[in-house]
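These notes concern the structure reproduced below.
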Amino acid sequence: MENFSVFDIIGPRMTGPSSSHTAGAARLGYIARRIIGDEIERVHFTLYGSFAETGRGHGTDKALIGGVLGFSPDDQRIRSAYKLARDEGVSIEFTYSDEHADHPNTVKIEAVDVNGRETEVVGRSIGGGNILITQINGLDVEVTGEYPTIIIRHQDQPGVISDVARVLSQLGINIANMKVFRRSRGDRNAFMCIESDEPMTPDMKDILMRLCPAIQELMIV
Amino acid sequence: MNYDFSSGIELIKLCDEAGIKISEAMIRREEQISESTREQIIAEMQRDLRVMRESVKKGLTEKFQSVSRLSGGEAMTLYRYADFGPLSGSETCHAAAAAMAVVEVNAAMGRIVAAPTAGASGILPAVLLECGHSKGWNDDKLVEGLFCAGAIGLLFAKNATISGAEGGCQAETGVASAMAAAALVELSGGEPLHCLDAAAIAIKNIEGLVCDPVAGLVECPCIKRNGMGAANAMLSADMALCGITSLIPFDEVVSSMYIVGREIRPEYRETAKGGLAATPTGKLIAAGIKRMNGRRED
């Protein structure tokens, strides 16, 4: 981040006490909720490293729950997140792990939505309230949440990327960053993470899915 | 004209050529690098000022404890005591109390504005609001002060660091003091060069300060260090305003602070493994906090 805005220095407005352990945790929960997409029935958070060591003292638990409930980092409802989750019928569980993680502020979020569908999101808080989602359902990704983001699971084959790029341009969506992940050639579960300047609407999602049959799943984050 | 700048020297030249203050240069720079209008940028800073004022008020008027129950209430005690002839003068004492108030609010999961970080969020609002109160500065002036402070913070972010994990406490409460000192000088009518002198004097005072938070929490020693940071900012500003300069130029001070920061061992950079965190009492408190993990809370 070379070209800092004045509001990177003065700001963000946030619920304390820590930009990494509280504001970042709230953002991780919030992005996870958008990846999960549907109403959540139960969620299990596993905290690693410094999140596990000092999380309770930093309110990391409340911030994660608040994020999953859809609160932004400066929302004071984070303070009563346990009660609000109960009121909404979302069951919450925490594990404070001693296992090693690649990054000190790592969380695994395993959620089950009201349709019984399971989603697993792994992310880290990388400082100053910024975050990185590193895994979705076991696949390595890189999602920062700073731009409108779509995640596409697709069949790895020639032409898929250009198809998606072409349809997005026709929909008036400008691609800011794009990364493609696959395990091996022809992977049926290859992934694309696309950060764009304009957000994608559900209508646009339908059009993109129809015009690019190699897409198996599309998440708007 | 391009209003971006990468060093104190460039900033001074820019202000000189355009005949403007640091705050004005920072506003024009923001207009150029963002897609926002001047009005939107100022309105956003006014929202920050509002939250800053609320956090000071909350910490000085409401009774509460932090999540860990390690802190809360000391700011209010100092603020009241400040009216009864304190040794350091009532204004300094009020500002120190206000700075502590914000960080107590932060530790209790209240709403604050990071400036430049949550752990150093008390210093800038405290000195602007308390000095503003005695000098009669209105909100428009205080917002200008925030932009001036932002320019100083930017120079540290670009040429050094504003993260305790990277550069120790000097990068957090030190930078906050430097930002606040510069803002006070501009609001008091000082020239841009005097602002940089004040910022350099403030950071030189605590160059090398380590980040050793007990139990890894933003409470001890952070809350009291914010109080001290407010006093540091005010005295540094006074020195610059009476014409005292920094022998070592601002840009060189920034770069030395960064070099020192990188040489601080990791134990003393926010990891809670050294210094105060590693004292017998510090370790005992950390063990207690870890036990909180098992408990459910409602």
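Listed values, structure above:
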item	result
Residue within region B:206-220 that is surrounded by 22 or more Cβ atoms within 10 Å (Cβ to Cβ) and either under 23 Å from residue B:23 (Cβ atoms) or free of Cβ contacts under 8 Å to residues at least 24 places away in the same chain (or both) present	no
Region B:29-86, subset charged (D, E, K, R) and part of a loop (DSSP other than H, G, I, E, B), residue surrounded by the most Cβ atoms within 10 Å (Cβ to Cβ)	B:62
Selection count where residues are of a type outside the set (Ser, Thr, Tyr) and open to solvent by less than 10 Å² (accessible area, probe 1.4 Å), scope region A:1-38	17
Selection status of residue B:9, open to solvent by 10 Å² or more (accessible area, probe 1.4 Å), within 29 Å of residue B:253 (Cβ to Cβ) and at pLDDT below 95	no
Filter pass, residue B:130 being more than 14 Å from chain A (Cβ to nearest Cβ), outside any helix (DSSP H, G or I) and within 26 Å of residue B:244 (Cα to Cα)	no
Residue under evaluation residue A:161, criteria (1) surrounded by 16 or more Cβ atoms within 10 Å (Cβ to Cβ); (2) out of contact with any strand residue (DSSP E or B) (no Cβ under 9 Å at 6 or more places or on another chain); (3) farther than 30 Å from residue B:270 by Cα; (4) not hydroxyl-bearing (Ser, Thr, Tyr), criterion not met	(2)
Residue that is nearest to the other protein chains (Cβ to nearest Cβ), among those in region A:83-128 that are of a type in the set (Ser, Thr, Tyr) and touching a Leu at 6+ places or on another chain (Cβ under 9 Å)	A:96
Boolean, residue B:41 is at the interface with chain A (Cβ under 9 Å from one of its Cβ atoms), out of contact with any helix residue (DSSP H, G or I) (no Cβ under 7 Å at 6 or more places or on another chain) and in contact (Cβ under 8 Å) with a residue 12 or more places away in the chain	no
Unique residue being β-branched (Val, Ile, Thr) and under 19 Å from residue A:198 (Cβ atoms) when the list is A:160, A:167, A:122	A:167
Search result, residues across region A:63-82 that are touching a residue at least 40 places away in the same chain (Cβ under 8 Å) and either charged (D, E, K, R) or within 9 Å of chain B (Cβ to nearest Cβ) (or both)	A:63, A:74, A:75, A:76, A:78, A:79
Filter pass, residue A:41 being farther than 22 Å from residue B:51 by Cβ, surrounded by fewer than 24 Cβ atoms within 10 Å (Cβ to Cβ), modelled with pLDDT of 95 or more and more than 13 Å from every other protein chain (Cβ to nearest Cβ)	yes
Total residues in region B:141-157, condition more than 11 Å from residue B:187 (Cα to Cα) and either in contact with a Phe, Trp or Tyr (Cβ under 7 Å, 6 or more places away or on another chain) or among the acidic types (Asp, Glu) (or both)	2
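Results for (1) in contact with a strand residue (DSSP E or B) (Cβ under 9 Å, 6 or more places away or on another chain); (2) within 14 Å of chain A (Cβ to nearest Cβ); (3) open to solvent by less than 10 Å² (accessible area, probe 1.4 Å), shown as yes or no for each residue.
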site	(1), (2), (3)
B:98	no, no, yes
B:113	yes, yes, yes
B:125	yes, yes, yes
B:138	no, no, no
B:148	no, yes, yes
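The values are calculated or read from the model by the stated rules, or taken from the named source; none is laboratory data. The structure displayed is predicted, hence computed values, not measured ones. So basically every Cβ, Gly included, is an ideal-geometry build from the backbone, and we count neighbours across all protein chains shown. All accessible areas refer to the heavy atoms of the entire protein, side chains included, with ligands and DNA or RNA removed. Shrake-Rupley method; radii C 1.70, N 1.55, O 1.52, S 1.80 Å.
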